[in-house]
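A quick write-up on the structure given underneath.
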Amino acid sequence: MASVKNEIELFKQFDDLDQESKYLAHKAKDAAGHAYAPYSKFAVGAALILDDGTVVTGSNYENAAYPSGMCAERVALYAASAQHPGRRIMKLVVVAKRKGGKELVPATSCGPCRQVMLEFESNQSKPFEVVMQGDNHIWIKAPSAASLLPFAFTRDHLDTHHKP
């Protein structure tokens, strides 16, 4: 039986994060300023860095028909894929703030975003770090999307030749 390796790091303060994570958090905060969140007033920004140093950002975009909106993480991931095909994602940082507010508020990626992150990891055959702010303003640094989604549904489940 395989074990789940989950080496998630917790940081009590923003300043305890590595320089790259702090830089991406600032980029994500800037992106959150462009969020379209008239309903929830919850602005989310994401910033990722590719293997060539390119930074891609995304912000959430709500819709009156709630399921039609899109989370910042997926906006950034899909934009990176469309604009920089074949580039490997190294790290993704997610932040949130109240619309019009300056201070960051805790926000961790939703299940669908974690599933999409996992698909990107699978496609590039390499994990990427995920950084976000959890409850009590503790920063979470996960070594991979897979570590955030144990017992995930993957392409292996769709393999018709796979036998349990």
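What follows draws every value from the coordinates through simple rules; no lab data is involved. Quantities reported herein were computed from a predicted structural model and do not represent experimental measurements. Because the Cβ atoms are built from the backbone with ideal geometry, glycine has one as well, and the counts that use them run over all protein chains shown.
Which FRET efficiency value, to the nearest 0.05, is calculated for Tyr36 and Glu7 with the Förster distance at 35 angstrom and r the Cβ-Cβ distance?
On the way: r = 36 Å, r/R0 = 1.02.
About 0.45, to the nearest 0.05.
Test of understanding: given the chain, find the longest segment containing no trypsin sites (Lys or Arg not before Pro) that are in a DSSP loop and have at most 13 other Cβ atoms within 10 Å. Don't jump to the answer; show the numbers that get you there.
On the way: sites that count: Lys5, Lys12, Lys41, Lys102.
Maximal segment without exposed cleavage sites: 103-164.
Find me the longest stretch of the chain that has none of the exposed GluC sites (Glu not before Pro), where exposed means in a DSSP loop (not H, G, I, E or B) with at most 14 other Cβ atoms within 10 Å. List each step's numbers first, then the result.
Working: sites that count: Glu7, Glu103.
It runs 8-102.
Just want to confirm a number: the relative contact order over the chain, from Cα pairs under 8 angstrom separated by 6+ residues, in percent.
Working: 325 pairs, mean separation 37.8, N = 164.
Relative CO of the chain lands at 23 percent.
Count neighbours as other Cβ atoms within 10 Å of each site's Cβ, and list the chymotrypsin sites (Phe, Trp or Tyr not before Pro) in segment 60-158 that are DSSP loop with at most 16 such neighbours. Intermediate values should be presented prior to the final figure.
Working: sites: Tyr61, Tyr78, Phe120, Phe128, Trp139, Phe151, Phe153; in loops: Phe128, Phe151, Phe153.
Here the sparse-neighbourhood loop sites are Phe151, Phe153.
Using Cβ counts within 10 Å as a stand-in for footprinting exposure, how do Ser109, Ser147, Ser125, Ser40 rank, fewest first? List each step's numbers first, then the result.
Working: Ser109 25, Ser147 18, Ser125 7, Ser40 14.
Sorted ascending by nearby Cβ count, the order is Ser125, Ser40, Ser147, Ser109.
Which cross-chain or sequence-distant (5 or more) residues have an amide H under 5 Å from the amide H of Phe42, H modelled 1.01 Å from N in plane?
Lys99
Taking only pairs that are 8 or more places apart or on different chains, how many Lys pairs in segment 40-164 have Cα atoms under 12 angstrom apart? Intermediate values should be presented prior to the final figure.
Values: Lys41/Lys97; Lys41/Lys99; Lys91/Lys126; Lys91/Lys141.
Qualifying lysine pairs in segment 40-164: 4.
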